[in-house]
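A.B. asks: My structure is below; once you've seen it, I'll send some questions.
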Amino acid sequence: MDRDVIARKIERLRHHVARIESKKPFGAADLAASDDLRDIVVFNLSLFGGEADGAQLANRLKRAVGFRNAAVHAYAKLDLDAVVRACEGGLADLKRFAAAVQARCLDRDT
C-alpha cells in the first residue's frame, strides 16, 4: 500500500478517536438521552476495523469490527453500555494500532 494512503488512513483514525474523546465523559444514559451524542459516538466507533500486530491487540480490534457490524446493522437495538465500554477501553487500542502501523509502515527507512 502507498505510504501516503497509509498516512491518510492513520490520520482519519486519529480524527475519529479525537471526535469521540471530545465528547467524554458520557454514560449510557447520556447516549440514550441525546440523539446527537449517540450518533457522533456510534458513527465514529463504527468506522474502525483492521489488522494489528500482537495477538491481544488483534483480538481486541476484532471486537471493534464486531461492534461496527452491530452498529451498522442493529443500530436501534445497540447496547449503549457496550458503546460506553468501547469508548473507555477501545480508544486506547485504536491509538496503539495507529502507532504500530505508523512505526511499521511510515517511520522505517525505505
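A.B. asks: Mind giving me the FRET efficiency for K24 and R104? R0 is 35 Å, r the Cβ-Cβ distance, nearest 0.05 is fine. Walk me through the numbers on the way to the answer.
C.D. replies: Values: r = 29 Å, r/R0 = 0.83.
Using R0 = 35 Å, I get an efficiency of 0.75.
A.B. asks: Let me ask another. Kindly provide log₁₀ I(q)/I(0) values, in the same order as q = 0.27 Å⁻¹, from the Debye equation applied to equal alpha-carbon scatterers of the stretch 1-49.
C.D. replies: Here log10 of I(q) over I(0) equals -0.98.
Any read-out appearing in this document is the output of simple, stated calculations on the displayed coordinates, not a laboratory observation. Note that the coordinates shown come from a computational prediction; the quantities given were computed from them, not determined experimentally. All Cβ positions, even for glycine, are placed from backbone atoms using ideal geometry, and neighbour counts span all protein chains on display.
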